[in-house]
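The values are calculated or read from the model by the stated rules, or taken from the named source; none is laboratory data. What you see is a predicted model, and the numbers here were worked out from it, not measured in a lab. Neighbour counts run over all protein chains shown; Cβ positions are idealised from the backbone, glycine included. These accessible areas exclude ligands, DNA and RNA; they are computed on the full protein's heavy atoms, side chains included. Shrake-Rupley method; radii C 1.70, N 1.55, O 1.52, S 1.80 Å.
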Amino acid sequence: MRHESPAALTSRIVKRLLLVVVGMFGFGFAMVPLYDVICDITGLNGKTSGRYAESEPVPVEDRKITVQFMAQNSEGMSWYFEPNDPQVTVSPGEVKVVSYKARNPNEFAMVGQAIPSVAPNEAAQYLMKLECFCFQEQPLAPGEEVDMAIRFFVDENIPEKITKLTLSYSLFDITDYEISGDEITAR
Amino acid sequence: MSASHDDHHHGPAKGLTRWLYTTNHKDIGSLYLWFSFAMFLLGGTFAMVIRAELFQPGLQLVEPNFFNQMTTMHGLVMVFGAVMPAFVGLANWMIPMMIGAPDMALPRMNNWSFWILPFAFAMLSATLFMEAGAPNFGWTFYAPLSTTYAPETVTFFIFAVHIMGASSIMGSINIIATVLNMRAPGMTLMKMPLFVWTWLITAYLLIAVMPVLAGVVTMMLFDIHFGTSFFNAAGGGDPVLFQHVFWFFGHPEVYIMILPAFGVISAIIPTFARKRLFGYDSMVYATASIAFLSFIVWAHHMFTVGMPIAGELFFMYATMLIAVPTGVKVFNWVATMFRGSMTFETPMLFAIAFVVLFTMGGFTGLMLAITPADFQYHDTYFVVAHFHYVLVPGAVFSIMAATYYWLPKWTGHMYDERLGKLHFWLSFIGVNVLFFPQHFLGLAGMPRRIPDYALQFADFNWISSIGGFLFGASQLILLVVVIKCVKGGKKATAQVWEGAQGLEWTLDSPAPYHTFTTPPDPKLIHAQ
């Protein structure tokens, strides 16, 4: 260090600082997957996880949990979109099927995509979906109406204090989007 | 002027090219300071439009959309155009003179980092004249307001932010290299003036977070033009992610705007109290602690967005912890003044006003840190009052204090003390009449960023607007004082202020174009 000329020292400092700059630029982007991981672990932001693909759950009969269903259209979405069963009561581990109704009232075909959110947020990680219409996009012909199913159960490890949870879907018009792949990740 | 006759040590070149091609830290410092003042007036003009519209309830002067453009542009111009460049200008002027260096370590990059700024702000301001209008999504540009629902001019905004970021990063690299590598023999780290210390730490903050800002606007660019879905829920993204990334930049950013102010105040108070700074070491450690804590409190801007209870508690306690090192600083300034032989020249008046009013802004920050209370205060005028108290009588007052303090060193003339004091008192009264009632408005529930409001808010808004016009108009006095001082006035001595300590005061006034081409006598370097 002592023998280094001032110019060499300056260029060493600059190189190191530039590395920090590049690293922090990368860190900004690394926050995107990091955020998804943290959401997945903590249920932050009410995000539910993807398709449940482990062993069949065993119902625990001595607890009852109310699951409420909500539907809303995001701005600009013109479909009729409502849950067929606004509320069900289930035991943890009990597999249940419910459905939403969607109708395209327009004279042109459209593609919709439902995005889920759970309240309270911490309940999100205990809501397990075996099947869900939100796993794929939903094309509808003019005037077409469909019933869209969710097969789910509530994990038995859900904290005692949670007796009621709400699953809300926002429906987005993605007709003009080109979303690649059949399943969108981190659903 | 004790200019050497060696032909490497000539004076400034003549004409416009002097300023275009200059690599001299004093020239570049002046450019930054003048640019910052121009932006201060521009951002101030936007603020006057806001206050004029809010003068009475109802929509009188501007369309709501234009009102939103004004709040957005006011914030962006003041943060990135006025406050940050002013501190970089002060750093350019003072750091080499304070540590006994002949210039900044990377003088050519210094020229470049200044001269890209006018282009960034020209591009940003040009959006005002475009059909789609200027950015209208607030200075925090939350997605999807700034992506899905943004005016087309958002791309100009994105590139302007990229350029500002590049400028800040280059400036910071330069400052760090200068401080680490160009100190005169005998100027150990713990003998550096606090202004140098606070800027060194600020520069590290800038290097850590400006790339994150560049990253977040790049993601916006991709979402808008290339069909990605970083922040678009329909495509699997998450708008809340935007807020996390933005505030990871944004919270250190607010300390970037206040740490150099701490350095300025730590220089001025000892001079006019004629005592050494109380607790120099603790000041350094407090600054470093604040810088560290700034990285782990970002989500306190997002309490109402939704977070696990453990997260809300963590960010609440971490935020409150910042009051400890900040309190150390405030107590040290007060202890420095205690039993000092104080005089109240303009820089000292601004410095004392800083200590009092910044502390008030700090306390409202503590109130906002309390998570359950924040659910009430969030997005109200209470928040507006809080951050204007720390930024205007905080950061801006410190820049004005620094200007009055070092102006005789820069120009060689004393400024007009009577005008300076007039400027101070009008600003002091104006700023309080302007922002204090906004606390009441916020507690009563008036939301921020609205052009119209319910009738019960009328009186306090009326008072606030009067204060705003007074504060805005008084800033023209500063312009007069500076121009008068540049043109002439009583000759300043080298020492300028009786109690001033430090290497910059061993130089002639005005400071020669080239200084410390040979390092200063180590005997001149004292412990702080």
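If you add up the charges near B:L61, with Lys and Arg at +1 and Asp and Glu at -1, over every other residue whose beta carbon is less than 15 angstrom from its beta carbon, what do you get?
Numbers: positive: B:R51; negative: B:E53, B:E63, B:D452.
Local charge sum for B:L61: -2.
Taking the radius of gyration and the Kirkwood hydrodynamic radius from Cα positions alone, what is the Rg/Rh ratio for the protein assembly as shown, to two decimal places? Walk me through the numbers on the way to the answer.
Details: Rg = 28.7 Å, Rh = 27.9 Å.
Expressed as Rg/Rh, it is 1.03.
Simple spin-label model, 7 Å along Cα-to-Cβ: A:K96 to B:R339 in nm?
So the two model labels end up 7.4 nm from each other.
For region A:1-116, what does the accessible surface come to per residue with a 1.4 Å probe? Please give it in Å². Display every interim value, and only then the final one.
Numbers: 6540 Å² over 116 residues.
Value for region A:1-116: 56 Å² per residue.
If I ignore ligands, DNA and RNA and count only protein heavy atoms, how much of B:W19 is accessible to a 1.4 Å probe, in Å² to the nearest 10?
Per-residue accessible area (B:W19): approximately 80 Å².
Could you give the spread of the C-alpha atoms of region B:33-152 along their three principal axes, from largest to smallest, in whole angstroms?
Here the Cα extents, ordered largest to smallest, are 57, 32, 23 Å.
For A:E160, what accessible surface area do you get with a 1.4 Å probe? Give it in Å², rounded to 10.
The accessible area comes out at roughly 140 Å².
Restricting to bridges with both residues inside the protein assembly as shown, how much of the DSSP beta-bridge set is antiparallel, in percent to the nearest 5? It would help to have the intermediate numbers written out before the result.
Details: 34 of 43 bridges.
Percent antiparallel among DSSP bridges in the protein assembly as shown is about 80.
Using a probe radius of 1.4 Å on protein heavy atoms only, what is the accessible area buried between chains A and B, both sides summed, to the nearest 100 Å²? Each step should come with its number before you reach the end.
On the way: alone 11360 and 20890 Å², together 29480 Å².
It comes to approximately 2800 Å² buried between A and B.
Could you work out how far helix B:259-273 tilts from the main Cα principal axis of chain B, as a 0 to 90 degree angle to the nearest 10?
50
So what's the angle, to the nearest 10 degrees on a 0 to 90 scale, between helix B:154-181 and the longest Cα principal axis of chain B?
Result, in degrees: 30.
Per residue, how much accessible area does chain B have with a 1.4 Å probe, in Å²?
On the way: 19510 Å² over 528 residues.
On a per-residue basis, 37 Å².
Quick check: Cα centre of region B:324-363 to Cα centre of region B:172-206, how many Å?
23
Which semi-axes, in whole Å and largest first, does the equivalent ellipsoid of region A:5-98 have when worked out from the alpha carbon gyration tensor as the square roots of 5 times its eigenvalues?
51, 21, 10
Are there residues in region B:227-252 whose accessible area shrinks by at least 20 Å² when all protein chains are included rather than the chain by itself, and which are they (probe 1.4 Å, ligands and nucleic acids not counted)?
Buried by 20 Å² or more upon assembly, which counts only protein chains, are B:F230, B:N232, B:A233, B:A234, B:G235, B:G236, B:D238, B:V240, B:L241, B:H244, B:V245, B:F248.
Normalising by the residue count of chain B, find the relative contact order in percent from Cα pairs under 8 Å and 6+ residues apart. The partial results should precede the final answer.
Values: 873 pairs, mean separation 97.9, N = 528.
Taking the mean separation of contacting Cα pairs over the length of chain B, I get 19 percent.
Using a loss threshold of 40 Å², tell me which positions in region A:29-51 are less accessible in the complex than in their chain alone. Probe radius 1.4 Å, ligands and nucleic acids ignored.
So the qualifying set is A:F29, A:M31, A:V32, A:Y35, A:L44, A:N45.
By what distance, in whole Å, do the Cα atoms of chain B stretch along each of the three principal axes, largest value first?
The Cα atoms of chain B stretch 68, 50, 46 Å along their principal axes.
Ignoring any ligand, DNA or RNA, what whole percent of the accessible area of the protein assembly as shown comes from carbon and sulfur when the probe is 1.4 angstrom? List each step's numbers first, then the result.
Values: 19090 of 29480 Å².
Heavy-atom surface of the protein assembly as shown belonging to carbon and sulfur, 1.4 Å probe: 65 percent.
From the P(r) of region B:128-228, could you give the percentage of C-alpha pairs in the tail past 24 Å? Present the calculation step by step, with values, prior to reporting the outcome.
On the way: 2084 of 5050 pairs.
That fraction is 41 percent.
What accessible surface, in Å², does a 1.4 Å probe find on B:T188, ignoring ligands, DNA and RNA and rounding to the nearest 10?
Accessible area, nearest 10 Å²: 70 Å².
Mind checking Rg over Rh on region B:441-486, alpha carbons, Kirkwood formula for Rh? Don't skip to the answer; put the middle values down first.
Working: Rg = 16.0 Å, Rh = 12.8 Å.
Over the Cα atoms of region B:441-486, Rg/Rh equals 1.24.
Can you compute the modelled spin-label distance between B:F375 and B:T188, with each label point 7 Å from Cα toward Cβ, in nm?
5.3
For region B:245-343, take the convex hull of the Cα atoms, compute a quarter of its surface area, and give me that in nm², please.
Numbers: hull surface 27.3 nm².
It is 6.8 nm².
On C-alpha positions alone, give me the angle between the axis of helix A:6-42 and the longest principal axis of chain A, in degrees, nearest 10.
10
Filter the cross-link list B:K191/B:K409; B:K191/B:K484; A:K47/B:K329 down to pairs whose alpha-carbon distance in this structure exceeds 31 Å.
Working: B:K191/B:K409 22 Å; B:K191/B:K484 35 Å; A:K47/B:K329 43 Å.
Going by Cα-Cα distance, B:K191/B:K484; A:K47/B:K329 fall outside the 31 Å limit.
Using alpha carbons only, how many angstrom separate the centre of region A:17-43 from the centre of region B:451-528?
40
Which whole-number percentage describes the relative contact order of region B:216-338, with Cα contacts under 8 Å and a sequence gap of 6 or more? Intermediate values should be presented prior to the final figure.
Values: 104 pairs, mean separation 32.2, N = 123.
Across region B:216-338, relative contact order equals 26 percent.
How high is the FRET efficiency from B:L426 to B:L180, r the C-beta distance, R0 45 Å, rounded to 0.05?
0.60
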